[in-house]
Amino acid sequence: MIRAGRLCRGLGRPRPLPLPAGGSAPRSRQLRTGLPQRRDLFRDLEKEVVKFQKKLKESLPGSDWDPLGTTKGLPPERADVVIVGGGVMGWSVAYWLKALEPRRDALRVVVIEKDPMYSQASTVLSAGGIRQQFSLPENIQMSLYSAFFLRTINEHLGVVNEPPIDIQFNPSGYLFLASENGAAVLEENVHIQRAEGAEVCLLSPAQLKKKYPWINTNDVAVASYGLENEGWFDPWSLLTAFRRKAMSMGVFQCFGEVTSFTISSREIMMPEGELTFSRINYVRVHMPNSLEYQPVECSLVVNAAGPWSQKLAEMAGVGIGPPDTQEGIKLPVEPRKRYIFVWHCPDGPGLDCPMLVDTTQAYFRREGTGGNYLGGLSPPEEEEPDIQDLEVDHNFFQEKIWPHLAHRVPVFKSLKVKSAWAGYYDYNTFDQNAVLGPHPLVENMLFITGFSGHGLQLSPAAGRAVAELILKGKFMTINMEKFSFNRFVSGEQVLERNII
Amino acid sequence: MAAPRALQECRAFPRLLGARRPYSSAPCPDPLKGGILRYLCNRFYDIEYLVGWCAKLRYRNLRRKNAYYGYTKEIYGDNVAAAYFVLSNRGRVRFQGQETWFCVDWRGKYSSDFLQLRDVPVVAIDLSGSVLNYNGLDNLVKLTALRSLDLSRCPHVDDWTLSRLHVFKDSLEELSLAGCPQVTERGLACLHQLEHLRRLDLSHLPSVPTPGLIQILVEEMLPQCEVVGLAPDSGAQTSRDGREEPGVPSGARRAGEIPA
C-alpha cells in the first residue's frame, strides 16, 4: 500500500530542478505562475485503494484471493453448493458431499448458519433418541443405517490427530406401550420392522410386569421393545463431529443469515398449462450485527433450515403464487414448540429404564445415574403453544404430563421438576414426514427438512441420500422417492401409523 | 546455559514420541505433548494423509479379524464356526460334556479336532485380550447354549457390543468384562436382559466414572447375580456362600471353576 502511494506521489509531483553548481545560491523561483499542483495523497486514498483492488482482482479472474483482505467470516463469492442451515442435517449433507465427491476438492460447499451459539437450534434442544420402531420401511431403513453410522462413527467422522468421538450412546432401547385399540397396529408395525431387519420383540403385560416391576400394566394390551440399535445419544457431540470432519475436508462455514435470493425465471408451456420455472443464481448472506452482506453465486441451494425452511422457501418463490396453482403450493413445514422436562425421583426406575413411550404418547427416559428423568409430550393440535419464544409453560407438566406419568409409573407420584427447556420441531403439517429432494419448479433448491421430531436420528442417512441426489442424480443407498415435494402437488400423504 | 536447555529438550523427546490419549473427549491440553506425529501432521499434508491412511488400514484390519465365517458355518454349522472364529482370534472354547478347553499354543496353532464336534453345543468361550468387536459377535449370536463368556481386556468391546449380548439371555450365566477400556455404565445398563446371569465381573473399568454407585445399581438391576469388582474396596470379596474370592480372577481363571 505504501509503495503504491509513493508511486502515485512520484507521478503526480513535478520533478525538482537540479540545483545549480555552487550550492550556496538561493533557490530559483519557479517559472509557473499558478499554485504548485500537489496531489494530496490522503484525500484520494480511498479511491486509489478501491481502484487498486479492482485492478488486482481483474488480473486474477476466478479467484477469491484478495491481497488486502476483507472482513473475516464472509462467505466465498462463488460456491457449488450452498447449504442453508447449520444444524445436524446441513452438516450431514456437507460431510456426505465431501465424502462421496469423485475427487478431492471437486465441490465447493458452504454451510450458512444464522445462530453461532446454536441457542435455538432444534438439533441441540432435542431429546436425542434413536429408534427403529417406525411403520414406514424407508424410515426404518434410514434409522438402521444411522445406527450403523453411529456405531462406526470413528471410521466415518474421525479426524487425524483428534481424540476419538464419543457420542455417549445409551443402548437402552425404546419401549412402546399400546392399549386395546392400538394393539393390532403395534403388532403390524413390529412385523414391518422385523421384515426390514430391526430387532424388536413383543411383550405381554405379564412379561412386562416381570421385566419392569415399576410399570403399572393396567390398561396395556401389548408392548414392543427394541433390542438393538435403539436408545439415545448426545446431539451436540454428533453435530460437532459432523462439523469438525466436514470442515477438515474443506467445507466453508459461515455465520450469517440468508435474506434473499436472486432468481432468474422463465415460462414454459406444459400440457397442464403455463408454468414458471426458476433458478436461484445468488444467495444474499447478511453478516450478523452488521449491515454488510455478500452475494454468493451458486449452482445449488440445500434448504436445511429446519423450522424456518418454509420462510426460506418463500424467498425462492415457493408458495407465493395464486393459491390453486403449482406455484401456490407452500412447503408445509412449520415451527412447533415442544417442551422437555427434567425431574428428579430418587426411587424411580433403575438402570434398566428404557425410553418409554406411553399409550398417551407421553415419553420419558433416564438421564444419567443420579435418579434424574427426562420426558415430554406432544400437545394436541388445538392446544399448540405460541412459537414466538422458547418460554416453558410449567403448568403443562403439572396438568398434562404428570397425571399420565404417575398413572403409568406409580413411583412418579412424588417427583420434583428440576429444569425444563423448549425446542422447535420442523413440523410437517401435511403428513409429519420428511421432505427430501428437489422442488419441481425451483430447479436448484433441494429440501431436507420437515422431519417432525425425528430428524436427529435420521440425519446420517438423510444427508447421504441428498448428497447422492446431488452427485449421482438419484438415490443409491435407500430409495426415498416417496418423500419428494411432488406429494404435496398430488395430495398423496405418506403417513406413519401411530399407536394409540 | 545452552547445555541444560538441550538436555531438557532431550528429556522431552521420548514424551513427544509416545504420548497418546486414546479414549477421552477432552482436547489435549498442551499441543507439544500430543506427540511428534501430531506436530508433523499440523505442518505437512503428506504426513496427515499418511496417518489418515494408517488409521483406515487399522479399521480394515479390525474388520478382517472380525469377519463373518459364513462359509464354515454353511459346511460345519454354527458351533464349529464359532469355535473356529474364537480359536483364530487366539481365544479358548469348550464344548458341552468336555472337560478340556480347545486352546491355541504360543504360535497361534491349534488342532482341528473340534471339526468333529458338529452337533455339540459350545458352552464356554474365552476371548480375553482379543480384538473382538460388534461385528465379530455375528459369529457367536447363534450359540443358544452358551453359559460362560469371557470378554476381559478386549480393547474394542464397547457399549454397542454389550447391547448385542441380549441374544444369550436364555443361557448365559457368567460374563466377564474386566479391563475393557471402552465399556461404560451406559452399556452395563442393557445387561438387564441377561436374566440367568449368576456372575458378572466388572473389575478395572476405567471408563466408569462412579464405580461404587454403578455397582449398587447393577446389583439392583440383576438381583440374582453376583457382581464382582466395581467397588473400589473390592480387593477380596466374600461371595454369597461365604467363599473368599480374589477381586481380579478373570485372566487367571481356569476351566475347572466354570460350571459345566
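The values are calculated or read from the model by the stated rules, or taken from the named source; none is laboratory data. All values derive from a computational prediction rather than experimental measurement. Note: ideal-geometry Cβ built from the backbone for every residue, glycine included; neighbour counts use all protein chains shown. Note: accessible area is taken over every heavy atom of the protein model, side chains too, but ligands, DNA and RNA are not part of it. Shrake-Rupley method; radii C 1.70, N 1.55, O 1.52, S 1.80 Å.
Neighbours of A:Thr123, meaning other residues whose beta-carbon lies under 12 angstrom from its beta-carbon, give a summed charge of -3 when Lys and Arg score +1 and Asp and Glu score -1.
Its relative contact order, with pairs defined as Cα atoms under 8 Å and 6+ residues apart, puts chain A at 19 percent. Most tightly packed first, judged by the mean number of other beta-carbon atoms within 10 Å of their residues, the peptides A:179-190, A:93-104 read A:93-104, A:179-190.
Peptide B:180-190 is shielded by partner chain Cβ atoms: per residue, an average of 5 of them sit within 10 Å of its Cβ. Averaged per residue, the stretch A:107-244 has 34 square angstrom of accessible surface, using a 1.4 angstrom probe with ligands and nucleic acids left out. Here the accessible area is traced with a 1.4 Å probe on the protein chains. For the stretch B:129-178, carbon and sulfur cover 43 percent of it. In the frame of its principal axes, chain A has Cα extents of 120, 62, 43 Å, reported largest first. Coordinate range of the alpha-carbon atoms in the stretch B:129-177 per principal axis, descending: 26, 18, 16 Å. For the stretch A:210-231, heavy-atom accessible area (probe 1.4 Å) falls by no less than 40 Å² from the chain alone to the full protein assembly at A:Lys211, A:Leu227, A:Glu228.
Calculated on the alpha-carbon coordinates, the convex hull of the stretch B:137-235 measures out at 82 cubic angstrom per residue. Taking the C-alpha atoms only, the angle from helix A:455-471 to the longest principal axis of chain A is near 50 degrees. Excluding same-chain neighbours fewer than eight residues apart, the aspartates and glutamates reachable from B:Lys169 by a Cα-Cα span under 12 Å are B:Glu195. Surface composition of chain A: carbon and sulfur atoms hold 52% of the protein heavy-atom accessible area at a 1.4 Å probe.
With a threshold of 25 Å on the Cα-Cα distance, the over-threshold entries among B:Lys65/B:Lys109; A:Lys210/A:Lys337; A:Lys209/A:Lys337; A:Lys311/A:Lys400; A:Lys311/A:Lys472; A:Lys311/A:Lys482 are A:Lys210/A:Lys337; A:Lys209/A:Lys337; A:Lys311/A:Lys400; A:Lys311/A:Lys472.
Evaluating kT/(6 pi eta Rh) at 37 °C and 0.692 mPa s, with the Kirkwood radius of the stretch A:388-500 over Cα pairs in the Stokes-Einstein relation, gives 192 µm² s⁻¹. According to the square roots a ≥ b ≥ c of the eigenvalues of the Cα gyration tensor, what is the shape class of the stretch A:219-275, taking rounded for a/c under 1.5, prolate for a/b larger than b/c otherwise, and oblate for the remainder? Here the stretch A:219-275 falls in the oblate category. Total buried accessible area between A and B, probe 1.4 Å, nearest 100: 2800 Å². Taking a Cβ cut-off of under 15 Å around A:Arg103, the surrounding Lys, Arg, Asp and Glu residues balance to a net charge of +1, with basic ones at +1 and acidic ones at -1. For the Cα trace of the stretch A:291-362, dividing Rg by the Kirkwood Rh returns an Rg/Rh value of 1.25. Across peptide A:154-160, the mean count of Cβ atoms from other chains lying within 10 Å of each residue's own Cβ comes to 4.
Taking every C-alpha pair closer than 8 Å and separated by at least 6 residues, the mean separation divided by the residue count of the stretch A:281-427 gives a relative contact order of 26 percent.
Against the compact-protein benchmark of 2.2 N^0.38 Å, the Cα-based radius of gyration of the stretch B:98-151 scales to 1.20. Counting only protein heavy atoms and a 1.4 Å probe, the stretch A:307-409 has 41 square angstrom of accessible area per residue. Shielding value for A:169-178 is 4, the average number of Cβ atoms from other chains within 10 Å of each residue's Cβ.
Burial of accessible area (probe 1.4 Å, heavy atoms of protein chains only) in the stretch B:47-81, relative to its chain alone, reaches at least 50 Å² for B:Tyr59.
Going by the alpha-carbon gyration tensor, a ≥ b ≥ c the square roots of its eigenvalues, is the stretch A:151-194 rounded (a/c under 1.5) or, if a/c is not under 1.5, prolate (a/b greater than b/c) versus oblate? Note, shape of the stretch A:151-194 comes out prolate.
Calculation over all alpha carbon pairs of the stretch A:70-210 in 10 angstrom steps from 0 returns a P(r) of 9, 26, 31, 19, 10, 4, 1 percent. Here, the stretch A:272-417 has an Rg and a Dmax of 22.5, 67 Å when only alpha carbons are counted. Estimated at the nearest 10 Å², the accessible area of B:Trp53 is 130 Å² with a 1.4 Å probe. Looking at the stretch B:61-210, the accessible area is 40 square angstrom per residue; that uses a 1.4 Å probe and ignores ligands, DNA and RNA. When only Cα pairs below 8 angstrom with a gap of at least 6 residues are kept, the stretch A:365-478 shows a relative contact order of 14 percent. More than 14 Å apart: what percent of Cα pairs in the stretch A:115-178 qualify? Of all Cα-Cα distances in the stretch A:115-178, 71 percent exceed 14 Å. In the stretch A:120-151, comparing the full protein assembly with the chain on its own, the residues that lose 20 Å² or more of accessible surface at a 1.4 Å probe are A:Arg151.
Peptides A:481-492, B:130-141 ranked from most to least packed, by the mean per-residue count of other Cβ atoms within 10 Å: B:130-141, A:481-492. I'd like the accessible area for B:Asp158, computed on protein heavy atoms only with a 1.4 Å probe and all protein chains in place. Round to 10 Å², please. Surface open to solvent at B:Asp158 totals about 30 Å². Among A:77-88, A:192-203, sorting by the average number of other beta carbon atoms lying within 10 angstrom of each residue, highest first, gives A:77-88, A:192-203.
Protein-only accessible surface at a 1.4 angstrom probe places the residues B:Trp101, A:Trp232 in the order B:Trp101, A:Trp232, largest first.
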